[in-house]
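Asker: Below: one structure in structure tokens.
The values are calculated or read from the model by the stated rules, or taken from the named source; none is laboratory data. No experiment lies behind these values; they were computed from the predicted model shown. Cβ sites come from the backbone with ideal geometry, for glycine too, and all protein chains shown count toward neighbours.
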Amino acid sequence: MHIIDFIDSHTGGEPTRVVLSGFPDLGTGTLAQRRQLLREQHDQWRQATACEPRGSDTMVGALLLAPQDPNACAGVVYFNNVGYLGMCGHGTMGLIRTLQHMGRIGPGQHRLETPVGTIGVELYADGRIAIDNVESYRHAKDVTLEVPGYGTVVGDIAWGGNWFFITNDTPAPLVLTNQRRLTAYTEAIRATLERDGIVAVDNGIIDHIEINVPCPDGDADGHNFVLCPGMAYDRSPCGTGTSAKLACLAADGKLVPGQVWRQAGILGSVFEAQYTPGSRGVLARITGTAHITGQGQLLIDDNDALAWGIGAE
Ligand code: PYC
């Protein structure tokens, strides 16, 4: 029997499963190198943790690792039911809340190593968590797609730690009861990007699709629906998606440095966001809260035909 120790949390409704121990040793390379090793040689551990029957298509895993920089509080590799993420905003809030729950950190400023760079984090005494994300920028403005079944869709391609196609064209209001329609629409956009061979910098796959519209009730500035790579929608306002949106707003002169942007997700949970100018785009600070939901051990029995997760080869 293999044993994985974990702590679960949610951030605005989106789950994070922090893996504390039990995964194979990935050495002491950079977080990008350790992610590559996990992907190429030990991917079944991701599948066993994030996929059914132990996980689900909404589950984001956060493998807790020793940082290279002794001044960082931890290193992390984020993954989901289909693969790996560069950065993850809601997942970082879940990880920081978990480290606090474990007594490993307290309120104050911290640094966290991720495969796409080191980020800053501030844990406030009242439980809020602010992330100083990697630099976010817009790669392309007003990209026009002909999406089968939906017609012309226009959006921007932007980086916020993952690649996003962000549009304000929507086939239906952003309410939970429209979730299937919104999922079908954003899936169609992703398929069109693939069909048309549209990629981002360094052939980066644009694997997150975000509808972002003004918030109808004025409770926030923007309201979004984000389709994640595993075909689940983000229950939170999406930290990396909010960072990418900020980069677009800044590039259009619609948000000035320090101005607060309240980003609501499909469930109505809100991240507060603001930025300082970067060399290429914006340095976004995203603030939210996370709550612990569970703690335990995953057991992997080699005699179980589905031991390594449904969807595993
Ligand atoms: O919060 O950045 C985020 C995120 C990415 C995928 C799911 N959540």
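Asker: With respect to V153, is the statement that it is surrounded by 14 or more Cβ atoms within 10 Å (Cβ to Cβ) and outside any loop (DSSP other than H, G, I, E, B) true? Write out each step before concluding.
Answerer: Numbers: surrounded by 14 or more Cβ atoms within 10 Å (Cβ to Cβ): yes; outside any loop (DSSP other than H, G, I, E, B): yes.
Answer is yes for this residue.
Asker: Of A188, A158, A184, A172, which residue is in the same structural domain as M231 (by the TED database) and closer than 25 Å to P277 by Cα? Give the steps one after another, and end with the answer.
Answerer: Working: A188 fails: closer than 25 Å to P277 by Cα; A184 fails: closer than 25 Å to P277 by Cα; A172 fails: closer than 25 Å to P277 by Cα.
Going through A188, A158, A184, A172 in turn, just one is in the same structural domain as M231 (by the TED database) and closer than 25 Å to P277 by Cα: A158.
Asker: A follow-up question, please. Looking at Q109, Q100 in this structure, which one is more than 26 Å from P229 (Cβ to Cβ), among the polar types (S, T, N, Q) and either in a strand (DSSP E or B) or within 16 Å of the ligand (Cβ to nearest atom) (or both)? Step through it out loud before you land on a result.
Answerer: Values: Q100 fails: either in a strand (DSSP E or B) or within 16 Å of the ligand (Cβ to nearest atom) (or both).
The match here is Q109.
Asker: Which pairs turn up if I take residues in segment 87-102 that are under 13 Å from L64 (Cα atoms) and look for partners that are in a helix (DSSP H, G or I) with beta carbon separation below 9 Å, at least 6 apart in sequence or on another chain?
Answerer: Pairs that qualify, where the first residue is under 13 Å from L64 (Cα atoms) and the partner is in a helix (DSSP H, G or I), are G91/G239; T92/G239.
Asker: Against the definition (aromatic (F, W, Y), out of contact with any Leu (no Cβ under 8 Å at 6 or more places or on another chain) and surrounded by fewer than 21 Cβ atoms within 10 Å (Cβ to Cβ)), how does Y124 come out, yes or no?
Answerer: Spelling it out, Y124 is indeed aromatic (F, W, Y), out of contact with any Leu (no Cβ under 8 Å at 6 or more places or on another chain) and surrounded by fewer than 21 Cβ atoms within 10 Å (Cβ to Cβ).
Asker: Is it fair to say I189 is touching a residue at least 24 places away in the same chain (Cβ under 8 Å) and within 16 Å of the ligand (Cβ to nearest atom)?
Answerer: no
Asker: Only one of P237, P257 is farther than 21 Å from V153 by Cα and under 20 Å from the mean Cα position of the chain (by Cα). Can you tell me which?
Answerer: Going through P237, P257 in turn, just one is farther than 21 Å from V153 by Cα and under 20 Å from the mean Cα position of the chain (by Cα): P237.
Asker: Going through segment 227-254 one residue at a time, which ones are of a type in the set (G, A, S), in contact with a strand residue (DSSP E or B) (Cβ under 6 Å, 6 or more places away or on another chain) and outside any helix (DSSP H, G or I)? Break it down stepwise before answering.
Answerer: First, the residues of segment 227-254 that are of a type in the set (G, A, S): 230, 232, 236, 239, 241, 243-244, 247, 250-251, 253.
Within this subset, residues satisfying the condition of being in contact with a strand residue (DSSP E or B) (Cβ under 6 Å, 6 or more places away or on another chain) are 236, 239, 241, 243-244, 247, 250-251.
Listed by number, the list holds a single entry, S236.
Asker: Sticking with this one: Just need a number here: residues in segment 127-147 that are among the charged types (D, E, K, R) and either closer than 21 Å to L112 by Cβ or outside any strand (DSSP E or B) (or both).
Answerer: Within segment 127-147, residues that are among the charged types (D, E, K, R) and either closer than 21 Å to L112 by Cβ or outside any strand (DSSP E or B) (or both) number 3.
Asker: State whether one or more residues within segment 139-153 are within 16 Å of the ligand (Cβ to nearest atom), in contact (Cβ under 8 Å) with a residue 60 or more places away in the chain, within 20 Å of V199 (Cα to Cα) and out of contact with any Asp or Glu (no Cβ under 6 Å at 6 or more places or on another chain).
Answerer: Looking for residues that are within 16 Å of the ligand (Cβ to nearest atom), in contact (Cβ under 8 Å) with a residue 60 or more places away in the chain, within 20 Å of V199 (Cα to Cα) and out of contact with any Asp or Glu (no Cβ under 6 Å at 6 or more places or on another chain), one finds none in segment 139-153, hence no.
Asker: Among the residues of segment 106-118 satisfying the criterion of being under 22 Å from the mean Cα position of the chain (by Cα) and without any contact (Cβ under 8 Å) to a residue 60 or more places away in the chain, which is surrounded by the fewest Cβ atoms within 10 Å (Cβ to Cβ)?
Answerer: Q109
Asker: If I go through segment 25-43 residue by residue, how many of them are under 21 Å from the mean Cα position of the chain (by Cα) and over 17 Å from D69 (Cβ atoms)?
Answerer: Of the residues in that region, 5 qualify.
Asker: Pick from V60, V121, V76: which is within 11 Å of the ligand (Cβ to nearest atom), in contact (Cβ under 8 Å) with a residue 24 or more places away in the chain and under 17 Å from A290 (Cβ atoms)?
Answerer: None of the others qualify; the one that does is V60.
Asker: Here's something else I'd like to know. Would you mention how many residues in segment 289-302 are in a loop (DSSP other than H, G, I, E, B) and either under 26 Å from the mean Cα position of the chain (by Cα) or modelled with pLDDT of 95 or more (or both)?
Answerer: Adding up the residues that qualify gives 3.
Asker: Residues to consider are L20, L64, L37; find the one that is of a type in the set (A, V, I, L, M), more than 22 Å from D8 (Cα to Cα) and not in a loop (DSSP other than H, G, I, E, B).
Answerer: Numbers: L20 fails: more than 22 Å from D8 (Cα to Cα); L64 fails: more than 22 Å from D8 (Cα to Cα).
On inspection, the qualifying residue turns out to be L37.
Asker: For segment 5-19, enumerate the residues that are in contact (Cβ under 8 Å) with a residue 60 or more places away in the chain and touching a Phe, Trp or Tyr at 6+ places or on another chain (Cβ under 8 Å).
Answerer: Our first condition is that a residue be in contact (Cβ under 8 Å) with a residue 60 or more places away in the chain; within segment 5-19, this holds for 5-16, 18.
Across segment 5-19, the qualifying residues are G12, V18.
Asker: Filter segment 240-277 down to the residues that are within 14 Å of the ligand (Cβ to nearest atom), polar (S, T, N, Q) and without any contact (Cβ under 8 Å) to a residue 60 or more places away in the chain and list them by number.
Answerer: Q263 - this is the single residue of segment 240-277 that is within 14 Å of the ligand (Cβ to nearest atom), polar (S, T, N, Q) and without any contact (Cβ under 8 Å) to a residue 60 or more places away in the chain.
Asker: In segment 79-91, which residues are near the ligand (Cβ under 8 Å from one of its atoms) and not in a loop (DSSP other than H, G, I, E, B)?
Answerer: L85, G89, H90, G91
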